[in-house]
1. Quick check: anything in the stretch 65-78 under 17 Å from TYR164 (Cα atoms) and in contact with a strand residue (DSSP E or B) (Cβ under 7 Å, 6 or more places away or on another chain)?
2. Restricting to the stretch 41-68, name every residue that is part of a loop (DSSP other than H, G, I, E, B) and hydroxyl-bearing (Ser, Thr, Tyr).
3. Taking the criterion of being of a type in the set (D, E, K, R) and farther than 16 Å from VAL38 by Cα, would at least one residue in the stretch 60-69 satisfy it?
4. Collect the residues in the stretch 69-87 that are out of contact with any Ser or Thr (no Cβ under 7 Å at 6 or more places or on another chain), in contact (Cβ under 8 Å) with a residue 24 or more places away in the chain and either β-branched (Val, Ile, Thr) or outside any helix (DSSP H, G or I) (or both), keeping them in residue-number order.
5. Could you say whether any residue in the stretch 4-26 is assigned to a helix (DSSP H, G or I), closer than 28 Å to ILE155 by Cα and under 13 Å from the mean Cα position of the chain (by Cα)?
6. Conditions: (1) closer than 30 Å to ARG9 by Cβ; (2) at pLDDT 95 or above. ASP126 meets all but one. Number of the miss?
7. Here is a check on your reading of the model: is THR115 assigned to a loop (DSSP other than H, G, I, E, B), in contact with a Lys or Arg (Cβ under 8 Å, 6 or more places away or on another chain), surrounded by fewer than 19 Cβ atoms within 10 Å (Cβ to Cβ) and among the hydroxyl-bearing types (Ser, Thr, Tyr)?
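The values are calculated or read from the model by the stated rules, or taken from the named source; none is laboratory data. All values derive from a computational prediction rather than experimental measurement. We place every Cβ from the backbone using ideal geometry, glycine too, and count neighbours over all the protein chains shown.
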Amino acid sequence: MSADNYVIRDNEGYYFVTFTVIDWVDVFTRKTYKHELVNSLNYCVKDKNLNIHAWVIMSNHMHLIISGRNEVYLPGVIRDYKKFTSKKIYERLGDSEESRSVWMKKKFEFAANRTRRNQDFKIWKDGYYAIPLDTLDQLKIKVDYIHANPVRSEIVYHPEHFLYSSARDYAGEKGLVDIELLY
C-alpha cells in the first residue's frame with residue numbers, strides 16, 4: 001500500500017491511527033507524560049469535535065480509533081494534538097526528575113536538526129498511519145489489537161488492568177479518556 005492509502009478521506013469515518021515517537025524512544029514510562037497525552041485527548045473530545053472509540057498509550061507509541069463530528073477536519077486535530085503534546089512533554093522533561101531527560105532532550109533536538117523545518121525539537125515521527133475501518137468486524141479486530149498491546153508487552157495479564165487504555169471502558173468501568181463505545 002502506498003502512503004496515500006493511509007490518509008483520512010472522510011472526516012466522519014472511523015480510523016485506526018498510530019503515532020510513534022522518533023527512534024522509538026521510550027518516553028511514556030512516567031505517568032506525568034502519559035497524563036499530558038490523556039488530558040490532551042480529553043480536550044480534543046470536548047473542544048475539537050473528536051470522537052475517540054478506543055486508545056492505548058505504550059512507552060513509545062499510541063494507537064487510537066477515532067472519528068469526527070460536526071464537520072471537523074481530523075488531520076488538523078491530529079496535527080494540533082501532536083504539536084501541543086510535543087511541547088508539553090518537552091517542557092516536562094526539563095522540570096521532571098526523569099533520569100534520562102538530558103539524553104532525551106538531545107535526541108529530540110538532534111531529530112529536529114535533521115528536518116528542514118524551523119523547530120527546536122521533535123518528539124513524534126512525522127505523519128501518522130490512518131487505516132479506514134468500514135465494518136464492525138474491522139472495528140472489533142482493531143479494538144482487540146489496541147487493548148491487547150499491554151498484554152503482549154507483558155505489562156498486565158488482562159487488558160482492563162492497564163490504566164492507559166480504553167479496555168477499562170469496554171469492561172464496564174470508567175477509564176481516563178471520555179470515549180464513545182463502538183459496541
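1. To start, the set of residues in the stretch 65-78 that are under 17 Å from TYR164 (Cα atoms) comprises 65-66.
Now narrow it down to the ones that are in contact with a strand residue (DSSP E or B) (Cβ under 7 Å, 6 or more places away or on another chain): 65-66.
Among the residues of the stretch 65-78, at least one is under 17 Å from TYR164 (Cα atoms) and in contact with a strand residue (DSSP E or B) (Cβ under 7 Å, 6 or more places away or on another chain), which makes the answer yes.
2. SER59 - this is the single residue of the stretch 41-68 that is part of a loop (DSSP other than H, G, I, E, B) and hydroxyl-bearing (Ser, Thr, Tyr).
3. Yes, because at least one residue in the stretch 60-69 is of a type in the set (D, E, K, R) and farther than 16 Å from VAL38 by Cα.
4. ARG69, GLU71, VAL72, TYR73, VAL77, ILE78, listed by residue number.
5. Looking only at the stretch 4-26, we keep the residues that are assigned to a helix (DSSP H, G or I), and these are 4-6, 22-24.
Pick out the ones that are also closer than 28 Å to ILE155 by Cα and you get 22-24.
Going one step further and asking which of them are under 13 Å from the mean Cα position of the chain (by Cα), we end up with none.
No, the stretch 4-26 has no match at all.
6. Tallying (1) closer than 30 Å to ARG9 by Cβ; (2) at pLDDT 95 or above, ASP126 fails exactly one: (2).
7. Numbers: assigned to a loop (DSSP other than H, G, I, E, B): yes; in contact with a Lys or Arg (Cβ under 8 Å, 6 or more places away or on another chain): yes; surrounded by fewer than 19 Cβ atoms within 10 Å (Cβ to Cβ): yes; among the hydroxyl-bearing types (Ser, Thr, Tyr): yes.
Yes, satisfied.
Each row is one residue, and each column tells you yes or no for (1) out of contact with any helix residue (DSSP H, G or I) (no Cβ under 7 Å at 6 or more places or on another chain); (2) buried (at least 19 other Cβ atoms within 10 Å of the Cβ); (3) on the phi < 0 side of the Ramachandran plot; (4) of a type in the set (D, E, K, R).
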| residue | (1), (2), (3), (4) |
| --- | --- |
| THR32 | no, no, yes, no |
| HIS35 | yes, no, yes, no |
| ASN39 | yes, no, yes, no |
| LEU50 | no, yes, yes, no |
| HIS53 | yes, yes, yes, no |
| LEU64 | yes, yes, yes, no |
| LYS83 | yes, no, yes, yes |
| LYS87 | yes, no, yes, yes |
